[in-house]
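The values are calculated or read from the model by the stated rules, or taken from the named source; none is laboratory data. Bear in mind the structure is a predicted one, so any value in this text is a computation, not a measurement. Note that we place each Cβ from the backbone using ideal geometry, even for glycine, and neighbour counts take in every protein chain shown.
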């Protein structure tokens, strides 16, 4: 793409999120979300492949619907209460509608159906931007509103963890697996939103770090299926040895840092006397763990049968910028001992 | 006076059902023209005459005309309208749905009705909508600049999406 256009589009994406972060008026928040949706569209259909175009159209339609619902809810709130502030929504109808609209925006179950197909049509970098940056603005809005109904967020969260686990089980396309993993993690974030919002932020940031390392590891291997990952041990042995740790961190196993958000969320849910819900959420994490283990099995733990020539490729010096991958992989593996410090930082 | 409002709103629902039920863009856009016109009428009854005029000019006279030209480029030789039974059935189904939901939420036809009034909290020299537009250009100057920038980005996005004959995203015309 023309570098000037790319600059303008990336700037517009940053501007959209910044506008939403800086807003206390619903119209401004909606505007920031729309700018984000608009600016990512050409990035999504850069390859002009029919699947990419279809993914762009699906993304645009769902995000436009969600933004229209958000506008409807905020105008209804302005009609009833006469003010446009984000934090002071006190009636249940607009608040519920806003929650459902934002759930459609980020892809929570049962409004998740667009996510795997959209991610499947994109290349890994754009998929990464979609999974991480585009979730920031809606989550900011979700953190600001007073939830009207306790059970709505819990139902959305539990359904998302279950759907994210079960949906990813039969997939061998990596981008679809990443989509379902995203849905499951968003479910965990929403579960604790009304009890301890700092944990939502913590889960979001930890998810960003973990999924960034996974996306970039797959990009370095230039692989989008589990099959093509099976020869990565000969191409990039260090990355192949680190990816199981990233995957197990995503699955939430101690002593990796992915355990941190799940542990704290389970503790908070138990403190709110929601122990059966916490048990169900923990069991649903087992489902996701299965397909993370399957990827690590195919990539690292087994060597698939192949001719001898493919096991000895030339390891030429690579031009890829792997410093971000190195940083985020280290954070994904080693951040658990810093839990008290991180909690203190986020609870300020 | 309320009778006029009932007529307008009835036409609005009919036009919206037409937009939703027609598979061909010609008839759907025709329904949209009707809906936009009626919406302008409703807006006038609520006191926003200036805004209604602007809506008519820009929405109908600008965007729908451009849409009509682009729809004419993707010409359908046999557009399916209300003449065919599936489309008519869909339209009646939507109308039935709207009426049943309306009856669910309203108490009765005669107990309450929506009074048409020009709602404004305090006394003002000028009409609300014209004052609002003037405020956009004076104290809302930053938002205007933001709107201008976003429109420019929209232009770039659209041009990027339709770039080139077949290199672009949409079908090469």
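Would you mind finding the one in A:148, A:160 that is under 21 Å from residue A:196 (Cβ atoms), outside any helix (DSSP H, G or I) and touching a helix residue (DSSP H, G or I) at 6+ places or on another chain (Cβ under 9 Å)?
On the way: A:160 fails: outside any helix (DSSP H, G or I).
Matching residue, one of A:148, A:160: A:148.
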**Report entry** Unmet criterion (only one of (1) more than 11 Å from every other protein chain (Cβ to nearest Cβ); (2) surrounded by fewer than 22 Cβ atoms within 10 Å (Cβ to Cβ); (3) in contact (Cβ under 8 Å) with a residue 24 or more places away in the chain) for residue A:63
**Finding:** (2)
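Here's the yes/no breakdown for (1) crowded, with 17+ Cβ neighbours inside 10 Å; (2) modelled with pLDDT of 90 or more; (3) in contact with a strand residue (DSSP E or B) (Cβ under 6 Å, 6 or more places away or on another chain); (4) over 30 Å from residue B:73 (Cβ atoms):
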residue	(1), (2), (3), (4)
B:21	yes, yes, no, no
B:40	yes, yes, no, no
B:49	no, no, no, yes
B:52	yes, yes, no, yes
B:60	no, yes, no, no
Report summary line: Expected output for segment B:145-161 (first residue facing chain A (nearest Cβ under 8 Å), partner in a helix (DSSP H, G or I) and modelled with pLDDT under 90, Cβ below 7 Å, 6+ apart or cross-chain) is none
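For segment B:157-166, state whether one or more residues are at pLDDT below 85, touching a helix residue (DSSP H, G or I) at 6+ places or on another chain (Cβ under 8 Å) and assigned to a loop (DSSP other than H, G, I, E, B).
Here is the first cut: in segment B:157-166, the residues at pLDDT below 85 are B:162-166.
From the residues that got through so far, the ones that are touching a helix residue (DSSP H, G or I) at 6+ places or on another chain (Cβ under 8 Å) too are none.
No, because not a single residue in segment B:157-166 is at pLDDT below 85, touching a helix residue (DSSP H, G or I) at 6+ places or on another chain (Cβ under 8 Å) and assigned to a loop (DSSP other than H, G, I, E, B).
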Requested in this report: Sort through A:19, A:35, A:57 and tell me the only one that's part of a helix (DSSP H, G or I), under 21 Å from residue A:106 (Cβ atoms) and at the interface with another protein chain (Cβ under 7 Å from one of its Cβ atoms).
Outcome: A:35
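Is it true that residue A:42 is within 12 Å of chain B (Cβ to nearest Cβ), more than 23 Å from residue B:143 (Cα to Cα) and exposed (fewer than 14 other Cβ atoms within 10 Å of the Cβ)?
Numbers: within 12 Å of chain B (Cβ to nearest Cβ): yes; more than 23 Å from residue B:143 (Cα to Cα): yes; exposed (fewer than 14 other Cβ atoms within 10 Å of the Cβ): no.
For residue A:42, the condition - within 12 Å of chain B (Cβ to nearest Cβ), more than 23 Å from residue B:143 (Cα to Cα) and exposed (fewer than 14 other Cβ atoms within 10 Å of the Cβ) - is not met.
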Query raised in the report: From the list A:169, A:193, which residue is over 16 Å from the mean Cα position of the chain (by Cα) and outside any helix (DSSP H, G or I)?
Result: A:169
Report summary line: Exception for residue A:94 within (1) within 25 Å of residue A:211 (Cα to Cα); (2) at pLDDT below 95; (3) buried (at least 23 other Cβ atoms within 10 Å of the Cβ) falls at (1)
